[in-house]
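Undergrad: Sharing a structure below in structure tokens format, with a few things to ask.
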Amino acid sequence: ALPYAALGLLALLSLEHWVLPHGHKPEPTPGPGEPEHHHPVGLATFVALSVHTLVDGVVLAFSSQAQLAGPVLVALVLHKLPAAVALSSLLIQERFGTVKTMAMSAFFALMVPLGAVATLAVGTSVLAPWAPRAIAFSGGTFLHVVLGDLLPQLKAAPSPIRVVISLSLGVALMAVLRD
């Protein structure tokens, strides 16, 4: 699981540094017709939680095969409610606007049924070998969000490539020393 969790962490770190918009200091509220500026934490959190939630749908599909769909669904609902509130609050705080926040929240909410339906459509027997890897990857994306809050120097690094290379080398070293 460790390599897939590390891959999820590095994928989101790379996405945040090279694809998502960067904001290093708070921008003033844009006037009418001016583009909005977002801090990458909101988008990174949205991506991480959406991937995590998509994998939760995969887990729900597998649990239905083991006659555990009811308890797993209850656990997911109880788990996703605070996550949805936190995500929406973060997006609003970062001035995504009401319509965009609602659209992103709806997309986030649809990830569980999408993951479950896709898993059942493809077949749980086909996906069974990949489910643990997907869960580990999902955990890695979630670790990125946590590390971003706990280790703010990751976001403040003058050279993001050094951070990614350092983390990659550390993971590679752990993989070599594991055996």
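The values are calculated or read from the model by the stated rules, or taken from the named source; none is laboratory data. Values in this document were obtained by computation on a predicted structure and should not be read as measured data. The accessibility values were calculated without ligands, DNA or RNA, using every heavy atom of the protein model including side chains. Shrake-Rupley method; radii C 1.70, N 1.55, O 1.52, S 1.80 Å.
Undergrad: Which value, in Å² and to the nearest 10, is the accessible area of T98 when all protein chains are kept and the probe is 1.4 Å?
TA: Solvent-accessible area, nearest 10 Å²: 100 Å².
Undergrad: Which order do you get for S89, S50 if you rank them by accessible area with a 1.4 Å probe, largest at the top?
TA: S89, S50
Undergrad: Counting only the heavy atoms of the protein chains, how much of I165 is accessible to a 1.4 Å probe, in Å² to the nearest 10?
TA: My reading of the accessible area for I165 is about 90 Å².
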